[in-house]
Amino acid sequence: MSLPWTFALGLLLGAVAFTMVGALTAVLVLAERKVSARIQMRVGPMHTGPHGMLQTIADMVKLVMKEDVRPARADAVAFRLGPLLVAVPAILSLAVVPFGAPLVMRDLNVGVLYFLAVPGVTVVGLLLAGWASYDNYSFLGGLRSSAQFISYEIPRSLAVVTVVMLAGSLSTVDVVEAQGRVPYVLLLPLSFFIYAITSLAEVNRVPFDIPEAESELVAGYHTEYSGFRWALFFLAEYAGLFAASAFGAVLFLGGGSGPLLPPVVWLLLKTGALVFVSMWIRFTLPRFRADQLMRLAWRVFLPLALVNLVVAALVMRAVA
Amino acid sequence: MGAVLVAIFGVPFLVCVLLLVGGAVVSRRGGPAWERWKSLAGWISAGGALIALGLAVFALLAFRADGDIALRAVWFHVGDLEVPFSLRVDGLQAVMAVVVAGVAFLVHLFSIGYMEGDRDVSTYFAELSLFTAAMLLLVLSANFFVLYVAWELVGASSYLLISYYFERPAAAAAGKKAFLTTRVGDVGLLVALFVIVGQTGSFDYDTVFAWAADPGFAGAWAVAVPLLVFAGAVGKSAQFPLHVWLPDAMEGPTPVSALIHAATMVAAGVYLVARSYPLFEAAPAALDVVMYIGAFTALMAATIAVTQRDIKKVLAYSTISQLGFMMTALGAGAPEAGIFHLFTHAWFKALLFLGAGSVIHATGRQLVGELGGLARRMPLTAWTFAAGGLALAGIPPFAGFWSKEEILASLVAHHPVLLGVLLLASLLTAFYIARLFFLVFLGAESAGPGPEPQHGPASLHGGLDAAGAHESGRRMSIPLLLLAAASVVAGFFGAGFLGQPLQGFLSLGEGAAAEAHTVPFWLTVAAVTVGILGVGGAWFGYGRPVARTRAEGGALGFDAWLENSLGGAYSFVARGYRLDDAYAFLLVRPIVTVGRFLWRSVDGFAIDGALDGLANLVPKVGGLVNRVQTGEVRDYLAAMAVGAILVVALALGLFS
Amino acid sequence: MDTQEVLFVAFGGVAVLGALYAVATRSLLRAIVALGAFLTAIAGEFYLLAADFIAVVQIFVYVGGIVVLMLFALMLSASGKRHPLAAVDRPALGAVLAYAVGAGLLWATWSTELPAAGPDPADALGSLGRALLGAQLWPFELIGLILLASVIAALSIVRGERQ
Amino acid sequence: MMTTAALTLSAVLFAIGVFGVLTRRNAISLLVSVEIVMNAATINLVAFSRIHEPEAMTGQVFALLGIGIAACEAAVGLALILAVYRRFGSTDVDTIDLLRG
């Protein structure tokens, strides 16, 4: 393949991926609104399209059309870079999700590590966005967000390490294969628990949505954003949620394996279940205070994850 | 029995330690305790000396009964060389031990009275005990290493005691002079020891003497080793040309002079030669050197003694002269005669010194011109001094007569010239000692006030003049009496008509023992005649009442007459043959000049200059280098980068 | 030029430009962002050099860790000044020295006959793991110790100053 | 070919880093420059790992260790910068010269 074609294909694939993630976001937003409505004994959006199914599309069109407002004293480069650095890693982290034979974009032999590492770049984006906005709420939101992200990254990674140890590989495909008929959620329930909770914190979902806590920080790091840039944050959040759920399914629920249905369907089902749980939680539990949040990470989850890791290692050793 | 040998020198040594530590402790408390301690110190010390004496006598008797007593233990190793700590008692060493311990005891006893009221008697007696211990170790040692250690200890304690009145510059200087001068000889002894141990691998007397007896010993070593040993003896025994320290050593307290610089330490050289006699026997040339030096020293010192006006100086030169006699005997192949004379001399010379001490103690003066007529006031001192003097002059039956006769007899056969020299020396000996006696004890009491009281015992009695002189106390007179008795009796131990028990006892060099001297009658007559002549001459010059008044010079008129008639020769002699001046001119001045040059140019200019320059350079350079420390991180980083570039360049071989 | 080489040059270009911007810009914030870009590009180079584990770790530690730390430090240390300016000083000296270093290194690189790259190991990740827990265990443990020490050091430095 | 390219890139980046180290006055900028230098070195390690005993992975191991060291350095360095900032009110290294001789 000649060079121009390579780039052309790359651009095309990028566009496709972005579009797909956009569509995914639309679906998820709609789902969330419907789920929340159901939990709150409402019906949710109903007017645009049948049962309001086109509501999110309309919202997105509205967002894209909106004026791009930039605070006068904001740092232009950082202000523009922030949303991008938040959204792009979230999308990129989907690259290693094994949707099934034809749909694995890349079977990296360090896929699991890749999934842990790439979302980390998001923090840079959050900080930039918060800083560049030249706004106290944004700044505090950015700092809180990154502190929270870094704190929860550690127990989360430690939980994933147990899976890697058990599977003996960093490749997501291998992990799925290694689970065979017994998903790791049965073997490593504590790891799954830690992963699930910390993942909520990673993607800033309630009860860990302190960085954007509307009631105290207005909207955290994206207070000053509007239009398409704001949409990017929105997109990143749902892409991240989806990615975290998908990885939860891959690491602990056996990925695409399952009877009768093709792997893609199984994986989407399992991911959907996890997404649903997170929405369920969102509209059920209140949020933590900032200090409680950090204490939870360092005093509960970190020791718990360490103990879990050591116990898992010892048990594996004993069984082997 | 070995324990006895150790105890003989160990007891005085422990006494020394006790006195030093006790003195240090008690003197801090001061007051009555200190006074009591000071009065006690002498008795403790004398007690130690008495115990040593008793043990020495015991060892002597035990030796007579059972033969040699020996003790041997390994002291330390140096490489393959094993250095033993060995002691023994044979005839010579037993006699020496008894003499040393005996004189030491009497001197201790005398010192109690003599030093009473001195500022720090405790230290004095500690040093005296240290000397006693060292001297006993010296005569008891059975190998050259122990001997050398004791030899140096003796020298060190001698230094300490000479400089006892260290506030007096003359005393301090005299101590240094004694130490340095004897050191010249000690180097010879040390080199001799190197040669000996290098050749035989052992320090033991027996091994070394066996080596000396070996025919293979002949050659260069055979002459060199005894001469080197003799060098040590020359230093210690104050033989020409290293005798100059002994007259100065009279700056020490008089009992010290009696013990160290008359009876014992200076005799150590004689003992050393006698002890290592087998080495000398192998080299006749070395023996000749010993003999000639001894004879020359004897005559020279005797002439000087005639001219001296200080009691102690006279006695000091007398000692040198008498040591010369001993050396002559040793060199002439009659070691028994030499040791016999050492034996008798120890008693009567100690007696003379203590008598002089008694006089000095009583009057605070020691120049003969300021003394006179003391016989009436100090009869005991006078009589005992006379006994010692007669012994020295060689008047029978006093001790000196017997031993001196033996020495003269040893020269009859082969060395008539030296015989004449020694007879002349004997004449002078009788003359100067009689002169001393007449000047001090006869004639008119000197008039006028005494000199300014010097630092010393007399000053404590308020600067007594001769008129106020009185006999010393019992503690001082008893030693005098005992020594006087010894001066009378000692001679009989070696007297020919008694079969020379002492000489047989000594059993020194085999050849010498075989060649028993029978003293020709004419020699006895000659010796006695010479002695009487000397005394008579002194009577003529100083003793007669006429002589004492005949010239303006008063008591010393004869001295003046001699000076006038002899002219420059007299002053040459009176100044000790100007040997001190010669040393000052030949050695001291060049050394001082060189030293001053080195001090000013090398040390002061070059070394100090270099050091000062360096010292000044440091802050200057520091100030320059200081600027490098800008405190700015980036400057350091730039330096680091330069360093990195250099490293890269080196790695790439750009400089090779 | 195959795809790999094209990508190598592309990443290299990004890295050089990012580095240049990072050292040349007057804005600290942009310098750090440029550093992030530079680091990411380097991670890409690692990937192309058959070191994908290193590449991911590079992202993990550098971009996710060190750059964030730097941003924190910047934001905590430049309070009130929204656009902290970092002056460039003595560019001539820096340029000369940098040029000397770079020229030396380049000369060394180009004047050395390098052996051809061997085949990449089949199980690279496994080899790396075995190396880390085998032959290189001591350095590995040591780096853990150093990390612990530096965490404690950093905490005590920041806390100690506060009290 | 690839190795030489990597080494060339490394040399260029190293020089850029050195330039930054020598010219930047802000402490954080210094740290940025140092990171560039360290990355240049890491590229070298990774590149050499392929030509020198690829199976042993020594180069990659040391690249990892280098990254670990960089993390330590950044953590301590930034802590120091914060401490310095609190004390001197500046992160400009030229204003901090207490050690000037």
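Below are the figures for this structure:
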read-out: Descending semi-axes in Å of the stretch B:285-439, equivalent ellipsoid built from Cα gyration tensor; value: 29, 15, 12
read-out: Cα-based Rg of the stretch B:348-399 normalised by 2.2 N^0.38 Å, two decimals; value: 1.13
read-out: Spatial separation of Cα centroids for the stretch C:93-163 and the stretch B:356-434, in angstrom; value: 101 Å
read-out: Proxy reagent accessibility, fewest Cβ within 10 Å first, across B:276, A:257; value: A:257, B:276
read-out: Between helix A:263-282 and chain A: long-axis angle, C-alpha atoms, 0 to 90°, nearest 10; value: 60 degrees
read-out: Separation of alpha-carbon centers, the stretch C:40-75 and the stretch C:25-39, rounded to whole Å; value: 13 Å
read-out: Distribution of pairwise C-alpha distances over the stretch C:1-87, 10 Å bins, in %; value: 19, 41, 27, 11, 2, 0
read-out: If the convex hull is drawn through the Cα atoms of the stretch A:69-319, its volume per residue in Å³; value: 115 Å³
read-out: Most mobile of A:46, A:60, A:294 in a GNM of chain A (Cα contacts under 10 Å); value: A:46
read-out: Rg followed by Dmax, in Å, when chain B is reduced to its Cα trace; value: 29.4, 112
read-out: At q = 0.06, 0.08, 0.09 Å⁻¹, base-10 log of I(q)/I(0) for the protein assembly as shown (Debye sum, equal scatterers on each alpha carbon); value: -0.64, -0.83, -1.01
read-out: Between helix B:335-363 and chain B: long-axis angle, C-alpha atoms, 0 to 90°, nearest 10; value: 90 degrees
read-out: Likely footprinting exposure, D:67, D:96, fewest C-beta neighbours within 10 Å first; value: D:96, D:67
read-out: Debye intensity ratio I(q)/I(0), log10, the stretch A:245-320, q values 0.19, 0.27 Å⁻¹ (C-alpha model); value: -0.97, -1.04
read-out: Restraint check, A:66/A:270; B:177/B:312; B:177/B:349; B:236/B:312; B:38/B:176, Cα-Cα greater than 25 Å; value: A:66/A:270; B:38/B:176
read-out: Those aspartates and glutamates that a straight Cα-Cα span of less than 20 Å connects to residue A:62, excepting residues fewer than 8 apart in one chain; value: A:32, A:224, A:237
read-out: Fewest-first sequence of B:250, B:265, B:300, A:41 by Cβ atoms within 10 Å of each Cβ; value: A:41, B:300, B:250, B:265
read-out: ³J(HN,Hα), Karplus 6.51/-1.76/1.60, whole Hz, each residue of the stretch A:75-85, x for Gly, Pro; value: 6, 4, 4, 5, 4, 7, 6, x, x, 4, 5
read-out: Residue of C:56, C:151, C:33 that the Gaussian network model of chain C assigns the largest fluctuation, springs spanning Cα pairs under 10 Å; value: C:151
read-out: Averaged over A:119-125, number of beta-carbon atoms from partner chains that fall within 10 Å; value: 5
read-out: Cα principal axis extents for the stretch D:2-88, largest first, Å; value: 50, 23, 10
read-out: Averaged over B:636-649, number of beta-carbon atoms from partner chains that fall within 10 Å; value: 5
read-out: Helix axis angle, B:416-441 relative to chain B longest principal axis, alpha carbon, degrees; value: 80 degrees
read-out: Rg/Rh for the stretch C:123-163, where both radii come from Cα atoms and Rh is the Kirkwood radius; value: 1.32
read-out: Selected from C:77, C:111, C:127 as most flexible by GNM, with chain C as the system and alpha-carbon contacts under 10 Å; value: C:111
read-out: Peptides B:256-264, B:378-386 ordered by average Cβ neighbours within 10 Å, highest first; value: B:256-264, B:378-386
read-out: Residue (of B:75, B:128, C:11) at the positive-pole extreme of the protein assembly as shown, dipole from beta-carbon charges; value: C:11
read-out: Kirkwood-Stokes translational diffusion coefficient of chain C, alpha-carbon pairs, 20 °C, 1.002 mPa s, µm²/s; value: 111 µm²/s
read-out: Relative packing of B:483-489, C:6-12, B:232-238, C:36-42, which averages over residues the other C-beta atoms within 10 Å, highest first; value: B:232-238, C:36-42, B:483-489, C:6-12
read-out: For the stretch A:174-320, the fraction of alpha-carbon pairs in successive 5 Å shells from zero, as %; value: 2, 9, 15, 18, 17, 15, 11, 8, 4, 1, 0, 0
read-out: √(5λ) per eigenvalue of the Cα gyration tensor, the stretch B:46-102, largest first, Å; value: 26, 15, 8
read-out: Sum of side-chain charges, residue B:221 neighbourhood, beta-carbon under 15 Å (Lys, Arg +1; Asp, Glu -1); value: -2
read-out: log10 of Debye I(q)/I(0), alpha-carbon scatterers only, for the stretch A:64-146 at 0.15 Å⁻¹; value: -0.63
read-out: By average C-beta atoms within 10 angstrom, highest first, the peptides B:577-589, B:104-116; value: B:104-116, B:577-589
read-out: Nearest-20 debye value, chain B charge dipole, Cβ charges on Lys, Arg, Asp, Glu; value: 1380 debye
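Every read-out reported here was derived from the displayed coordinates using simple, explicitly stated rules and does not represent laboratory data. This is a predicted model, so every value here is computed, not measured. With ideal geometry, Cβ positions are generated from the backbone for all residues, glycine too; neighbour counts draw on all protein chains shown.
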